[in-house]
Structure formats: C-alpha cells, structure tokens
Amino acid sequence: MNGSAAQRTIDAIWRIESAKLIAGLTRMVRDIGLAEDLAQDALVIALERWPVSGIPDNPGAWLMTTAKRRAIDFIRRSKVREQKYEEFGQGNEMYTEDDIDMAMDGEVGDDLLRLIFMTCHPALSQEARVALTLRLLGGLTTDEIAHAFLIAESTIAQRIVRAKRTLSSMRVAFEVPAGEELKERLSTVLEVIYLMFNEGYTATSGGSWIRPLLCQEALRLGRVLAEIATGEPEVHGLVALMEIQSSRFKTRVSAAGEPILLMDQNRGLWDQLLIRRGLAALERAQKLGRPLGPYALQAAIAACHAKARTAAETDWARIAALYEALSRVMPSPVVELNRAVAIAMAFGPAFGLQIVDELTSVPSLKDYHLLPSVRGDLLVKMGRSGEARGEFERAASLTRNVRERELMLKRAAECTSDEHVD
C-alpha cells in the first residue's frame, strides 16, 4: 500500500474509532483533554508504523491497546498518581492494571453515552457543549463543525479549547446523571446526537456522500437514551426521525457512489422495519400529550415521505404546514428554505421561489450551498434554465463534498440557455 492510500485508510479508521478510544481513555484518566492527547499519540504511532507494516486485521483493537499502554505509562509516571490512588481508594476501587483493562474492555456504548453527558455539562455554554461533543464523538474537524454552524473556524477552535480546560479544572464526573440533572443536559445531548446523525446522513466534506457508521452510532445512542428518559417526547421524536431517515440509506447513493435525490429514490427498497420502528417512536412521543418539539416535528415530516408509496403521492401540503410549525419552535433560515421547497411542491415553484429570493439576503446563508441549489431547481421547473445553470454552478463552488459537487455540476450541464415562462 502506498503512502497516500495508507493515509486515506488510516483517516477513515480514525473517524470510526476515535470516539470509542477517547471515551475509554476518559474513563481511565478522568480528563477529556488528556484522553484526546493519548488517543492522538496512538494515531501518530499508527501513522508511523502502518504504512510500513500494513494495516492490522483489527485496527480499532490495535489503537485501543496502544492508547491503553500510553495511558498506563502516563499514570505510572504522573506526579498526581498518589492523588488518583487516593480518590479511587475512597471509592473502594483499586486502580490496578487489571482494573484499567476492565475499563477499556467494558461496554463501549456506556462509555460513549457517559462522554456525551460529560461534554454537555451545564458549566459550559450551549455552543461549547455542542462543538466539543461533535469534535470528540462525531470525529468532525473544527472546520467541519464551523461549516455546519456557518461561523468562523477560529471561533469553534477557541470554544473547544476553553471547554476542555473547564471540564478538567472542575473534575466533572464521567457518568450519566439522573433526575433533574439529566433533564438539564438533555437538550444539548439531543442536539449533539442530531448533528452527528446529520453529518453522517450528508457528509459536510470528503469524497463520500454519506457516512453510515456515524448515523448508526447516533441512532444507537438515541435508542439507549430513549430507554433512560422514557417520559421525554423529544427523545422519542429524535429516535423516530433517525429511524425513518436511516430507512433510505440503501437508496441514497448509486453503485458508483453518486447521490440519488429523495424524489428519484426507489421507495420499494426503503427499509420497512426501520420505518415501522420510526413511526412507533413518533407515536410514543405524541402519546405523551405535550406539544411536539423540533425533533418530533421533523420526524412527522419524515413520516409523510415514508408513508407515500410513490413520490407523486407525497402530502406536500401537510409537510408545508409542519415546516410552518417547526419554524415557530425552531426559527432558522434553513428551516425556512425547507418550507420553501415544500410550498413549491404543494402550490407551484413560483411561490417557493418568492421565499427563496427573500433568503438570499440572509448573511448566514451567503455561503450555504443548498440555497443556490434549491433556487436552481425551482428555476428549472419554471423553465428558466439559463439562470438555473448559474445557481447550480454556484452551489458546486460552495460545497466541499466531492460527490455533491459532481451532482451540482451535472445538473448545471443539463440546463440549457433557452428560457421560457410556464
């Protein structure tokens, strides 16, 4: 394997394994910043050795073992080891190497959930909680997180550094809280899981349109959370949304890895078991008798698509109404853009285009590639292909996902310069 191929492979492995690695190490050293440093040490060793020796059969286990040894070495030589022994002695836990092995080999899912709640501690600002958790659990770069929030990368980097320092200085417990403390952190935990899923569903950058493993991890964490917080409708709403969206994975890309848009997907291949699970979770959220929040409303929108046997049978008027409700509980220019699409599908492209044109002056959407993409699609439907081509070309220039860029350029090439009004 040549150097560049090995680098790409290691990058992919790191994206998959880093969250588990950091979670296990945090259990050991009780310090997120230190855990991330130790995980990075293991990555550096892999980058040095694997291009020469080859990728191990179980790279995740190799990284975990290497990181564990680094952690043990650190604990042994640390100036604060006596303090750590005292702390664990007070809790009737002897911190031996066997205990470390048990910590690292324990239930990974539990560690990941504990890590989410740790990074979503109320001592941190809402923005810092989300940024730190996406960095550690989602494997997103600071650049990708900044792009998702449409803000400067330097701002995200500063938030992450400050958040790690705060958690370290406060010695925040590595645990899933209970009672009121659980409710206090729940909204941020849900937001993080939601953003993890979204990044997997449509990757911000790179050569793949989707990252299924990231979606699977987000869905698994959501299911675990639903067992802990049974009376919280938004937990069930988020699980419903992820279940239904996950049902489309087989149809979202072609055999060549090219994106397939929702209206062109083969609905006969949608996973009916996941759809049934999603609809059941949505029903649980509704039965709790409280007004639907943003995740349950998005799940209800996804359910409209899931229930339509063909694209033509989609109840776009109901979807438009649900987006209207969503805009009231979670006002956002992106929600408004989605509402414009639904209105265009229900009542005609001219109505949708009117809303989209108003959004072109919103500063946060200036570099958002889906705005010109949607505008181009509406212009095509109105017969204004020449204008549409320019919009698709602009969308291609703004996206950092290779597959999405190819799709936008293909759509631009399909446009003709002939314009007419329907």
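The values are calculated or read from the model by the stated rules, or taken from the named source; none is laboratory data. From a predicted model like this one, the values you see are computed outputs, not experimental measurements. Because the Cβ atoms are built from the backbone with ideal geometry, glycine has one as well, and the counts that use them run over all protein chains shown.
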| field | Members of region 242-251 found to be part of a helix (DSSP H, G or I) and either free of Cβ contacts under 8 Å to residues at least 60 places away in the same chain or not β-branched (Val, Ile, Thr) (or both), listed by number | value | MET242, GLU243, GLN245, SER246, PHE249, LYS250, THR251
| (1) part of a loop (DSSP other than H, G, I, E, B); (2) at pLDDT 90 or above; (3) closer than 22 Å to ALA218 by Cβ: which one isn't true of GLY257, the others all being true? | (2)
| Here are ARG290, ARG284, ARG267, ARG276: which of them is at pLDDT below 95 and surrounded by 14 or more Cβ atoms within 10 Å (Cβ to Cβ)? | ARG267
| task | Show the residue pairs that are 6+ apart or on different chains and have beta-carbon atoms under 7 Å apart, the first residue being within region 378-392 and on the phi > 0 side of the Ramachandran plot, the second being assigned to a helix (DSSP H, G or I) and surrounded by fewer than 17 Cβ atoms within 10 Å (Cβ to Cβ). | result | none
| Candidate set from region 118-156 (those that are farther than 13 Å from ILE32 by Cβ and of a type in the set (S, T, N, Q)); member that is surrounded by the fewest Cβ atoms within 10 Å (Cβ to Cβ) | SER154
| query | In region 351-402, what residues are hydrophobic (A, V, I, L, M, F, W, C), over 27 Å from ALA256 (Cβ atoms) and over 26 Å from the mean Cα position of the chain (by Cα)? | reply | PHE351, LEU353, ILE355, LEU378, LEU379, MET382
| message | ALA280 - would you say it is under 20 Å from the mean Cα position of the chain (by Cα) and small (Gly, Ala, Ser)? | response | no
| Among (1) without any contact (Cβ under 8 Å) to a residue 24 or more places away in the chain; (2) touching a His at 6+ places or on another chain (Cβ under 9 Å); (3) not hydrophobic (A, V, I, L, M, F, W, C), which single condition is SER254 missing? | (2)
| said: Going by what's in this entry, would VAL235 be described as surrounded by 15 or more Cβ atoms within 10 Å (Cβ to Cβ) and modelled with pLDDT of 85 or more? | reply: yes
| said: Return the residues of region 157-171 that are over 30 Å from LEU370 (Cβ atoms) and buried (at least 19 other Cβ atoms within 10 Å of the Cβ); say none if nothing qualifies. | reply: LYS164, LEU167
| Among (1) part of a helix (DSSP H, G or I); (2) out of contact with any Ser or Thr (no Cβ under 9 Å at 6 or more places or on another chain); (3) without any contact (Cβ under 8 Å) to a residue 60 or more places away in the chain, which single condition is ILE275 missing? | (2)
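Per-residue answers, yes or no, for (1) over 23 Å from TYR323 (Cβ atoms); (2) of a type in the set (D, E, K, R); (3) touching a strand residue (DSSP E or B) at 6+ places or on another chain (Cβ under 9 Å):
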residue	(1), (2), (3)
SER247	no, no, no
VAL253	yes, no, yes
ALA256	yes, no, no
PRO259	no, no, yes
GLN265	no, no, no
LEU282	no, no, no
ALA285	no, no, no
ALA303	no, no, no
LYS307	no, yes, no
| query | In region 169-194, how many are closer than 18 Å to LEU134 by Cα and part of a helix (DSSP H, G or I)? | reply | 10
